[in-house]
Each structure stands twice: as C-alpha cells, then as structure tokens.
1. Could you please tell me which pairs satisfy a Cβ distance under 8 Å, a separation of 6+ or placement on different chains, a first residue in the range 267-288 that is of a type outside the set (D, E, K, R), and a second residue that is at pLDDT below 80 and surrounded by fewer than 13 Cβ atoms within 10 Å (Cβ to Cβ)?
2. Residues that are over 30 Å from residue 18 (Cα atoms) and not β-branched (Val, Ile, Thr): does the range 119-127 have at least one?
3. Can you run down the residue pairs with Cβ atoms below 9 Å, 6 or more apart or on separate chains, where the first is in the range 22-47 and more than 19 Å from residue 90 (Cβ to Cβ) and the partner is β-branched (Val, Ile, Thr) and in a helix (DSSP H, G or I)?
4. Mind listing just one residue for me: the one in the range 96-117 that is buried (at least 16 other Cβ atoms within 10 Å of the Cβ) and touching an Asp or Glu at 6+ places or on another chain (Cβ under 8 Å) and, of those, farthest from residue 17 (Cα to Cα)?
5. Kindly check whether there is at least one residue in the range 244-264 that is within 24 Å of residue 14 (Cβ to Cβ), part of a helix (DSSP H, G or I) and modelled with pLDDT under 90.
6. With the requirement that a residue be of a type outside the set (D, E, K, R), in a helix (DSSP H, G or I), surrounded by 12 or more Cβ atoms within 10 Å (Cβ to Cβ) and out of contact with any helix residue (DSSP H, G or I) (no Cβ under 6 Å at 6 or more places or on another chain), what does the range 48-71 give you?
7. Might you check whether a residue that is modelled with pLDDT of 95 or more and not in a helix (DSSP H, G or I) occurs anywhere in the range 98-116?
Amino acid sequence: MNHFLTTVGKAISKLNPNEVRTQSERPVHIGLAAVHEFRQAEMRRFLLADGMTKDRMLQSAEHLHQISPEVTIPQFDIDLWEEGIPRPKHGFTFYPSNPQRTVEQILEQKEDLGLALARQFPAFRPAVVEKIILGICQENAMFAAATSLPGMIPGVALPLAVGEFASDTAFLTMNQMRMAFMLAGASDRHIGYREQKSEIASVIAGAFGWRAVARECVGKIPFGGGIIPKAAIAYAATWVVGKSLERLYSIGYGYTRSERHKVYDVGFERGKQVATKFLEKARGKAAS
C-alpha cells in the first residue's frame with residue numbers, strides 16, 4: 001500500500017493541471033462569413049447550442065464575429081463560411097445538413113484548439129471527449145504491453161517514457177488523472193486536484209483492483225500470451241474511467257455497478273484488438 005501510494009505520488013508530481021486549465025481556457029474567436037442572414041443565424045445556433053448556461057452563452061457569443069465573404073486572409077482563429085460560396089484555403093465550410101463534418105474538419109486541422117473549442121462551444125465537445133478517451137486508453141494499453149515485452153521478446157527495448165516510472169501502475173494512474181483534467185476542461189468544469197478530488201480518489205481506488213489482475217496475466221499465461229489481457233485490462237480500466245467521467249460531466253451522475261461491468265467488457269474487447277496489433281508489430285521488429 002505504502003509503496004503503491006509513493007510511486008503514484010511521484011507520478012502525480014509530474015502532472016500540472018494548470019497546463020490543461022490554460023489550454024482549455026484559451027479564448028477561441030470564430031469568424032462567420034455568410035451571404036444570407038439565416039445561414040449566419042444557423043451557424044450561431046450550431047455553435048451556441050441549447051443547454052449552455054446563460055453566462056457561458058454570453059461569453060462564447062462574444063467570440064463570434066461577422067466577417068465579409070470577400071475576405072481572403074485569415075481573420076480569426078477559425079473562419080467559417082456559408083456552404084456554396086467561395087472560401088479561401090484557410091477557411092472552413094459550415095454544412096447545415098451535416099454539421100459533424102464541419103466539426104471533424106476543424107478538429108483535424110486545429111487539433112491544438114480542441115480543448116478550448118469543446119469548452120466554449122458544446123458542438124465540438126462529443127468529438128473532443130471521444131478523442132481524449134480513445135487516446136489515453138490506447139496509450140495505457142500500449143504502455144502496459146511495453147513493460148512486459150523485454151522479458152518476453154528478446155531485442156525489444158522499452159520506450160524511454162517507461163523507464164521514468166517506478167511501475168506501470170503509477171504511469172497508468174497518472175495518465176487517467178491527466179484524462180480527468182482534460183475531460184473536465186473539455187466539459188467546461190473546474191480543473192484541479194482540489195476541484196476534482198472525488199474523481200481523483202476514484203481513479204486511485206480503482207487502480208488497486210485492476211493492477212493485481214493485470215500482474216497475474218503475464219505470470220500465469222506462458223509464452224507472452226499474458227501481455228494481451230494485461231494490456232486489455234489497462235485499456236478497459238481506463239475506458240471505464242473515461243466513460244464514467246464523460247457521463248458525470250454531461251448529465252451529473254455516473255454508471256451503476258452493472259453498467260460499469262458492461263462498459264468494462266466493451267473496453268476489454270477494444271483493448272485486446274489494440275494490444276494484439278501492438279504485439280504483432282513488436283514481434284515483427286524483434287524478428288528483423
């Protein structure tokens with residue numbers, strides 16, 4: 001217990017929620033270029049979605065600006081054009097029949113603005129939240145696999161980041177906390193250890209259970225076969241944390257015990273696929 005808390009504490013010391021807070025609170029200004037007034041109104045309704053608090057809506061509305069469709073140079077962080085009118089290369093088209101297409105194109109090219117966009121404009125939130133959860137789940141699954149590879153596959157060296165932590169559990173727990181900060185930022189919630197003390201406590205408490213199961217996987221299954229379930233467990237545990245936080249921040253409460261089991265099963269299957277591909281790639285490198 002003491003060793004676990006010590007290693008987790010050292011890992012947590014590497015986390016700075018202020019960095020996530022600064023990134024998510026960065027003001028994002030969006031220019032709206034439209035020939036027809038009703039199209040510009042559509043853009044504003046899309047960006048200022050229902051469910052926003054009055055204060056947030058007023059703040060976000062101040063970051064929306066009308067621009068002339070004739071402009072050819074960037075005006076704001078993002079310039080959004082009415083569909084069907086010529087736009088410069090730097091601009092993005094608003095597709096009223098498929099606004100998700102607009103979201104995907106913006107996030108693909110403006111990835112650094114993802115947290116801030118999700119915080120200020122809920123239309124971006126689902127896509128950003130999903131990307132955060134999937135990214136952290138994959139990182140944790142690959143990390144869990146990597147810590148077992150040297151003893152199983154000769155010639156495979158650990159990534160540099162692995163050696164910086166006393167245990168894979170410490171890294172995975174730290175990464176889940178980082179995810180909690182990012183999800184809070186994307187969901188327009190307060191960020192920090194004190195502000196998220198209940199969420200952080202849940203992450204640490206959950207680590208005790210899945211780390212014991214994960215350790216057994218490598219030792220009991222011969223010829224490195226335990227790497228896949230170990231990595232899948234890391235993915236599934238992180239998936240449950242991420243999806244639970246997503247639900248908590250969106251509707252105010254998390255999953256029931258039975259729902260968590262179902263979410264875990266989904267994450268485990270996803271994790272097995274990620275781990276299998278990673279292991280095949282690692283074995284291929286070792287063979288060559």
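1. 286/154; 286/155
2. No, the range 119-127 contains no residue that is over 30 Å from residue 18 (Cα atoms) and not β-branched (Val, Ile, Thr).
3. Every condition considered, the pairs that remain are 46/102.
4. It comes out as 110.
5. No, the range 244-264 contains no residue that is within 24 Å of residue 14 (Cβ to Cβ), part of a helix (DSSP H, G or I) and modelled with pLDDT under 90.
6. Residues satisfying the conditions are 57, 59, 61.
7. So far as the range 98-116 goes, yes, one or more of its residues are modelled with pLDDT of 95 or more and not in a helix (DSSP H, G or I).
The values are calculated or read from the model by the stated rules, or taken from the named source; none is laboratory data. Remember, it's a predicted structure, so these values are computed and weren't measured experimentally. No Cβ is skipped: glycine too gets one built from the backbone with ideal geometry, and neighbour counts run over all protein chains shown.
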